[in-house]
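Asks: Starting off with a structure, shown below.
Quick note: the coordinates plus some simple rules give every number you see, no bench work behind them. Every value quoted in this text rests on a predicted model; they were computed, and no experiment measured them. FYI the Cβ positions are ideal-geometry reconstructions off the backbone, even for glycines, and counts take in every protein chain you see.
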Amino acid sequence: MLDQIVMLILLVLLQAVLGFDNLLYISLESQRAPEADQSRVRKLGIGIAVGLRIVLLFVLINLVQILQQEWFTVDTHFMSGSFNFHSIVVLFGGAFILYTAVKEIIHMMSLEEEGQVKDRKQASAGKVIFWIVLMNLIFSFDSILSAMALASKGQHPDGTHAGYHMPVMILAILIGGVIMITLADKVTKFLQKNRMYEVLGLFVLFIVGIMLLTEGAHLAHLKFFGNAISPMTKTTFYFVITVLFLTDIVQGRYGKKIAAEKLRKARLDKHV
């Protein structure tokens, strides 16, 4: 019993750590929905995604070997690789996240004549929920595969696999879903009140896209001109994120000092 409790705690922590980038995407994507529907969109999208994540868990357990089988290969003078379902899903997710981040960064840099940032192009609540659910499932692949490794019962004496602790994994997914629903509104409100952190969040999302692309390329054994692509490790990812946050904090404080110094000089010049 104690082992299962420890396993549940580890799985919930795993869901929380791997779900950070997912939560960031949900918070940014939900802002495309009509303002009155945004909170409902986040909660409904996460709720549906959690249910489908449990379905995905059963699918991966029963079909993991089939999904890892090679679908097709590419072998040209500049590129080679072998693609399966897993690698294609991760590559698609990385490309879409990268596209979303770049599109939003360009959007925030575009100014109207009044000097104000243009409003986001709104989408229907149903469309936003669709993308939240789809991207949640893409983000779920690695977390579920990692959870399966943690929740494995090992092997029988005859060498066959003993299965998985399914109730523990399902409970961990449900707890992770509740945490995401609880935090989604708070993260979105924080980003709306602190727009500069929204810029930081978009660059974090950009790095997430690169991480998924390198991981998908590694899964596909992709090579360009004979050079294999190495995946970005979680350690590297969190190191880059930490540097981004520290840079943003230092830049923010430095900017306030410059503004205060300019204000002080303006007051002195006024009195002179």
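Asks: What FRET efficiency would be calculated for the residue pair ILE179, THR233, taking the C-beta separation as r and a Förster radius of 30 Å, to the nearest 0.05?
Replies: Once the sixth-power term is evaluated, E becomes 0.75.
Asks: Length gain on complete extension for the stretch VAL55 to MET166, per 0.36 nm per residue less the alpha carbon to alpha carbon distance?
Replies: Net length gain for the segment: 38.8 nm.
Asks: Near TYR254, within a Cβ-to-Cβ distance under 15 Å, what is the net charge of the other residues, with Lys and Arg +1 and Asp and Glu -1?
Replies: On the way: positive: ARG253, LYS256, LYS257, LYS262; negative: ASP248, GLU261.
With Lys, Arg at +1 and Asp, Glu at -1, the net is +2.
Asks: Sticking with this structure for a sec: In nm, give the distance between the simple-model label positions of LEU63 and ILE210, each being 7 Å from the Cα along the Cα-to-Cβ direction.
Replies: The two pseudo-label positions are separated by 3.4 nm.
Asks: How much net charge surrounds ILE179 when only other residues with a Cβ under 14 Å from its Cβ are counted (Lys, Arg +1; Asp, Glu -1)? Let's see the in-between values first.
Replies: On the way: positive: ARG42, LYS43, ARG53, LYS186; negative: ASP185.
With Lys, Arg at +1 and Asp, Glu at -1, the neighbours total +3.
Asks: Ok, one more. If R0 is 35 Å, what FRET efficiency do you get for GLN192 and LEU10 from their C-beta distance, rounded to 0.05?
Replies: It comes to 0.55.
Asks: Additional query: How large are Rg and Dmax for segment 22-85 when only the alpha carbon atoms are used, in Å?
Replies: Every Cα atom of segment 22-85 included, Rg and Dmax give 18.3, 53 Å.
Asks: Moving to a separate point now. If I model segment 233-272 as equal point scatterers sitting on the Cα atoms and use the Debye formula, what is log10 I(q)/I(0) at q = 0.31 Å⁻¹?
Replies: Values, matching the q order: -0.90.
Asks: Any idea how far apart LYS270 and ALA123 come out in nm if each label point goes 7 Å out from Cα toward Cβ?
Replies: Each label point lies 7 Å from its Cα, and together they span 4.7 nm.
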